[in-house]
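Chemist: Sharing a structure below in structure tokens format, with a few things to ask.
The values are calculated or read from the model by the stated rules, or taken from the named source; none is laboratory data. Keep in mind it's a predicted model, so treat the numbers as computed, not measured. So basically every Cβ, Gly included, is an ideal-geometry build from the backbone, and we count neighbours across all protein chains shown. Accessible surface is based on the protein model in full, side chains and every heavy atom, while ligands, DNA and RNA are left aside. Shrake-Rupley method; radii C 1.70, N 1.55, O 1.52, S 1.80 Å.
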Amino acid sequence: MAALAQSPPAAPPTGAPPAGEELAPLTKDPALVDFVQAVYPPEAEAAGLEGTVRLLLEVDETGAVSAVTVVAPAGSGFDEAAVEAAKRFRFTPAEDASGPVPVALEFDYGFTLEKPAPPPAEPPITVEGRLQEMATRVPIAGAVVQVVLGDAIVASGTTDADGRFALRGVPPGALKLVAFGPDHQKDTVDIAVVDGEVTAVSLWLTRLSYRGAGVVGIYDRDRPPEVTRRTLSIEEVRRVPGTFGDPVRVIQSLPGAARAPFGTGLLVLRGANPQDSNVYVDGVEVPLVYHLGGFRSILNPELIASVDYLPGTYSARYGRSTGGVIDVRTQVEYPDEPHFTWRTDVLDTGVYGEAKVGDKVGVAAGVRRSYIDAILAVALAEQEFYAAPRWFDYQLKVEALDAGDDELSLFLFGFQDDLVVRTDAGSEDQLGVRYSTHRFVFRWAHAFSDTLKLEVQPSLGIDGTELGFGSDVGLTLSAYRISSRAALTWTPSEAFTGQVGLDAEASRNDFALYITGVPVDGDDPLSEEEPFEIAEGFWQGFPDPFAEATLRPLDDPDRLLVVAGARLDAVIRSEEPIGFAFDPRLGLRAEILEGGTLKAGSGLYHQPPPLTDLLDTYFERAWASEIGWEQKFGPAVTADLTGFYRDMQNLGGGDSPGVGRAYGGEFMLRHALVNRFFGWVSYTLSKSERNDEPDNSDAWYPFDFDQTHILTAVAGYRLPLDFEVSGRAQYVTGNPYTPYDGGLYLLDEGDYIGFPSAATNSERQAPYYAVDVRLSKLFTFKHWQLEVFSDVLNLVHGENPEFILYNYDYTDSAYINGLPTLPSIGFQAEVNL
């Protein structure tokens with residue numbers, strides 16, 4: 001507040017005349033013409049003090065102040081300030097009959113704090129209300145609310161954090177209230193304002209997009225650094241035809257991923273064997289990512305927060321694989337109000353729910369069950385051969401939301417898949433296959449400081465495989481797993497992050513085989529038969545430590561990223577010797593041009609032998625390298641060009657292990673979901689070869705899943721009235737195969753053995769091509785949403801052979817073709833309580 005000095009009218013001149021003299025009367029009093037504002041003492045102003053100082057001023061015949069005396073002090077610095085100001089006063093001279101004369105006068109110098117003017121009285125609130133989002137009931141903060149009369153805006157305001165608003169001074173009458181925000185559609189309602197009353201309004205706005213912004217892998221700085229991570233939004237994923245809304249299935253439409261044969265769900269990444277690529281759920285390894293048939297991943301899509309697709313040269317945090325990595329991350333955010341989803345189509349039905357229990361615990365749970373086996377059993381009742389898959393999965397996650405410096409969660413999930421293959425109509429002898437996996441995961445993380453964090457994640461698991469042919473043959477494989485992933489991360493500055501960790505696993509593996517009848521005399525197939533049974537078991541362990549450093553050495557940390565890491569792989573099996581392998585890895589990303597990033601990586605990768613090699617501790621090995629360029633063209637368009645090479649050694653182990661190589665290039669041009677449109681074109685040019693005789697340079701042959709050209713185009717558009725349409729077209733070179741034109745009859749076996757007519761995998765099946773389309777419509781209500789959709793696979797398709805079957809003597813063959821045109825009609829309902 002301003003400090004003001006008050007100047008009362010000048011007091012009459014005072015003073016005593018010299019002895020013996022009389023004071024001559026003044027003919028003109030002095031008048032103050034130049035007032036000087038005193039400096040308000042800061043301490044007094046801060047304390048809110050005021051005061052008045054009485055001064056005696058001696059004014060000479062020119063009107064200047066020649067002396068100042070404090071007559072009545074006020075203290076607190078007021079006296080000194082008043083004296084300094086009064087010395088610079090200027091008066092009109094006092095006069096008597098003889099002319100100008102000096103005089104003395106008293107002056108009261110007042111110090112007061114300026115009081116702010118009271119605010120004008122606000123008009124009363126006449127319209128108030130709240131904005132909420134349709135379907136989710138979430139309060140809408142920061143939205144604009146206007147009251148309109150004709151074309152004029154008579155009142156305006158914004159909503160608070162709870163979605164509430166209050167407008168004042170709205171005139172009475174019939175008006176319109178308009179509300180809109182950057183993420184919501186504009187809405188208008190009619191209101192009637194009555195003089196002296198408050199009109200209450202509750203308004204529901206429809207969100208422009210209800211799909212989350214989660215991810216399936218382009219590079220994201222805030223996530224663990226990788227040379228190549230390809231990422232799509234969950235909203236795009238849900239709209240890609242052929243994925244059935246599953247974020248994991250969209251990997252099959254990205255560069256570097258070969259098309260898996262029908263019904264297998266195999267991962268063939270950059271020419272590696274399917275068993276060479278690992279799948280993780282929240283960092284815990286699982287044997288499969290897809291259910292039988294490859295139509296569904298093993299997790300409910302609503303639980304999935306992101307999918308990291310790492311086709312090669314991934315960091316030291318991942319091990320025991322030489323191909324690629326798929327790391328599925330589950331939900332870590334929970335709505336304030338309970339949220340439920342029910343989805344049904346021709347394949348299965350699933351329900352999912354998530355909610356907060358109080359403010360401290362988040363819970364998510366889901367379950368799904370397929371019924372395609374029941375549909376096929378009726379539709380193919382007269383067929384001599386058909387395969388009917390059936391699956392079931394479940395998930396339960398409980399997480400502490402307010403644990404201070406700690407993070408705590410429990411996660412239980414699992415699945416069971418059955419495949420029944422009928423070989424003759426009406427026959428009871430059926431081939432059955434069952435896969436099952438169950439995991440219990442505990443995660444604890446603690447932040448010791450802003451720079452040091454520890455994360456520990458132990459887990460328990462059971463995996464099982466059962467194979468049977470009626471009641472005659474049975475094969476069972478089971479594994480009981482204990483694993484733990486731990487990491488200590490130190491980030492002393494934005495330029496450096498160091499991490500040391502342990503990725504350990506121990507398992508008990510059991511094998512059992514049962515055959516009802518085996519000839520007693522192996523040389524005589526007609527001899528008497530007796531049951532045969534064998535059971536074996538062993539344990540194995542992988543205590544694998546790793547270390548990694550992330551460097552951002554430039555002033556702009558996004559300009560250069562270097563990731564250097566190493567991993568020590570070990571395998572221990574029962575009484576067998578310990579095998580070791582050392583994996584150094586290096587990757588970098590450098591922004592060379594505006595929006596243009598050079599990326600490169602190279603590393604050594606080892607994986608232990610499969611369980612079928614019961615007593616071996618060898619390692620298969622691959623040296624993988626890649627180099628590429630990512631370029632941004634504005635906010636929506638990006639391009640990614642990558643070349644890769646993988647050298648594979650010691651394939652299959654044993655005395656004469658094989659070798660392999662895979663090399664090629666990948667390209668992806670993507671338009672993100674902006675202005676209703678999204679899409680991408682991906683192309684992979686690759687060659688993958690194997691050699692079972694490393695000393696013979698002429699013994700190279702194409703890998704079973706070698707696909708030279710893989711071209712995929714995806715596009716989607718959001719139409720008015722919440723309609724959406726999207727399509728996918730794919731062309732893939734046919735898989736190689738070995739041709740036969742006859743067979744040799746083995747008298748001892750009583751059967752034919754095929755006789756190849758050309759070199760291994762020297763012929764190719766016809767190319768695969770197909771066009772899928774999807775159309776959906778979203779209905780939004782206050783508390784729930786309903787989406788109905790039609791997903792048509794292979795609307796246009798070719799012959800699309802998957803396998804070749806030969807007759808008994810290999811003189812004739814026929815293709816087993818892929819899926820025909822397959823429509824999937826379904827719905828998804830989302831309810832918010």
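Chemist: Using Cα centres only, tell me the gap between region 114-128 and region 322-384 in whole Å.
Modeler: For region 114-128 versus region 322-384, the Cα centre distance is 56 Å.
Chemist: Sticking with this one: What residues of region 336-353 lie in the reach of a label at ASP402, counting those whose backbone N is under 14 Å from a point 7 Å from the Cα along Cα→Cβ?
Modeler: Backbone N within reach: 336.
Chemist: Given a 1.4 Å probe and every protein chain left where it sits, what share in percent of the accessible area of the chain is carbon and sulfur?
Modeler: In the chain, the share of accessible area belonging to carbon and sulfur is 59 percent.
Chemist: Using a Förster distance of 41 Å, how high is the FRET efficiency between VAL154 and LEU598, based on the Cβ-Cβ distance and rounded to 0.05?
Modeler: Here the calculated transfer efficiency is 0.10.
Chemist: Long-range amide H contacts for GLU763: which residues qualify at under 5 Å (H placed 1.01 Å from N, peptide plane, sequence gap of 5 or more or a different chain)?
Modeler: For GLU763, whose amide H was placed from the backbone, the distant partners under 5 Å are TYR737.
Chemist: Okay, next question. Can you give the FRET efficiency to the nearest 0.05 for LEU26 and ARG88, using r as the Cβ-Cβ distance and R₀ = 25 Å?
Modeler: Taking R0 as 25 Å, the efficiency between LEU26 and ARG88 is 0.60.
Chemist: Just grab the label-to-label distance for ASP510 and LYS687, each label 7 Å out from Cα along the Cβ direction, in nm (one decimal).
Modeler: 4.9
Chemist: Under the 0.36 nm per residue contour assumption, what length would be gained going from the current alpha-carbon distance of PHE580 and THR349 to full extension?
Modeler: 78.6 nm
Chemist: Less than 30 Å apart at the alpha-carbon level, and either on another chain or at least 8 residues along: which lysines does that give for LYS87?
Modeler: List returned: LYS28, LYS115.
Chemist: Could you give the spread of the C-alpha atoms of region 614-693 along their three principal axes, from largest to smallest, in whole angstroms?
Modeler: So the three principal-axis extents are 60, 23, 15 Å.
Chemist: Still on this structure, I have one more. If you find the alpha carbon centre of region 809-833 and of region 693-753, how far apart are they in angstrom?
Modeler: Taking the Cα centre of each part, region 809-833 and region 693-753 sit 17 Å apart.
Chemist: Just to be sure I understand the model, the point goes 7 Å from the Cα along the line to the Cβ. What's the resulting ILE125 to ASP647 distance in nm?
Modeler: 7.5
Chemist: Moving on. Heavy atoms only, probe 1.4 angstrom, no DNA, RNA or ligands counted: give me LYS28, LYS115 ranked by accessible area, highest first.
Modeler: LYS115, LYS28
Chemist: Then there is this: Arrange the residues VAL357, VAL103 by how much accessible surface each exposes, largest first, with a 1.4 angstrom probe.
Modeler: Final ranking, largest accessible area leading: VAL357, VAL103.
Chemist: Using a 7 Å offset from Cα along Cα-Cβ at ARG168, what residues in region 121-152 end up with backbone N under 16 Å from the label point?
Modeler: Residues passing the 16 Å test: 121-129.
Chemist: Here's another thing I want to ask about it. Ordered by packing density, taken as the mean number of other Cβ atoms within 10 Å over each peptide's residues, highest first, how do 553-561, 796-804 rank?
Modeler: Packing proxy ranking, top to bottom: 796-804, 553-561.
Chemist: Sticking with this one: Can you compute the helix-only [θ] at 222 nm over the chain? Use -39500 (n - 2.57) per DSSP H run of at least 4 residues, normalise by all residues, nearest 500 deg cm²/dmol.
Modeler: Computed mean residue ellipticity for the chain: -1000 deg cm²/dmol.
Chemist: Another one. Say a paramagnetic label sat at a point 7 Å from the Cα of PHE781, along Cα to Cβ; which residues of region 125-149 have their backbone N under 19 Å from it?
Modeler: Under 19 Å, as judged by backbone N against the label point of PHE781, lie 132-138 of region 125-149.
Chemist: Give the calculated FRET efficiency between PHE448 and TYR701 to the nearest 0.05, with a Förster radius of 41 Å applied to their Cβ-Cβ distance.
Modeler: Plugging the Cβ-Cβ distance into 1/(1 + (r/R0)^6) gives 0.15.
Chemist: Under a 5 Å amide H to amide H cut-off, with H placed in plane at 1.01 Å, what residues pair with HIS291 once short-range neighbours are removed?
Modeler: Those lying under 5 Å, H to H, from HIS291 are ARG296, SER297, ILE298.
Chemist: Here's something else I'd like to know. Could you order ARG443, ARG54, ARG164 so the one with the most accessible surface comes first? Probe is 1.4 Å.
Modeler: ARG164, ARG54, ARG443
Chemist: So how far apart, in nm, are the two label points at ALA67 and TYR717 if each is 7 Å from Cα heading toward Cβ?
Modeler: According to this spin-label approximation, the distance is 9.9 nm.
Chemist: Here is a follow-up. Step through the residues of region 531-542 one at a time and calculate ³J(HN,Hα) from phi using the Karplus curve (6.51 cos²θ - 1.76 cosθ + 1.60, θ = phi - 60°), rounding each to whole Hz and writing x for Gly and Pro.
Modeler: Calculated HN-Hα couplings, in order: x, 10, 8, 9, 9, 9, x, 7, 10, 8, x, 10 Hz.
Chemist: Work out how far the C-alpha atoms of the chain reach from end to end along every principal axis, then list the three figures in whole Å, largest first.
Modeler: Computed over the chain, the largest-to-smallest principal extents equal 164, 66, 45 Å.
Chemist: Using a Cα-Cα cut-off of under 17 Å, which lysines could be cross-linked to LYS176, ignoring same-chain neighbours fewer than 8 residues away?
Modeler: Within the straight-line cut-off, LYS176 pairs with LYS186.
Chemist: When ranked by the protection proxy of mean other Cβ atoms within 10 Å per residue, highest first, what sequence do the peptides 77-83, 647-653 form?
Modeler: 77-83, 647-653
Chemist: Sequence neighbours fewer than 8 away in the same chain don't count; with that in mind, list the lysines whose C-alpha is under 24 Å from LYS453.
Modeler: Those lysines meeting the cut-off are LYS360, LYS397.
Chemist: While we're on this one: Using the Karplus curve 6.51 cos²θ - 1.76 cosθ + 1.60 with θ = phi - 60°, what ³J(HN,Hα) values do you get for each residue of region 237-243, in whole Hz, with x for Gly and Pro?
Modeler: Couplings: 4, 5, 9, 7, x, x, 8 Hz.
Chemist: Over region 674-751, give the accessible area per residue in Å² for a 1.4 Å probe, as an integer.
Modeler: 53
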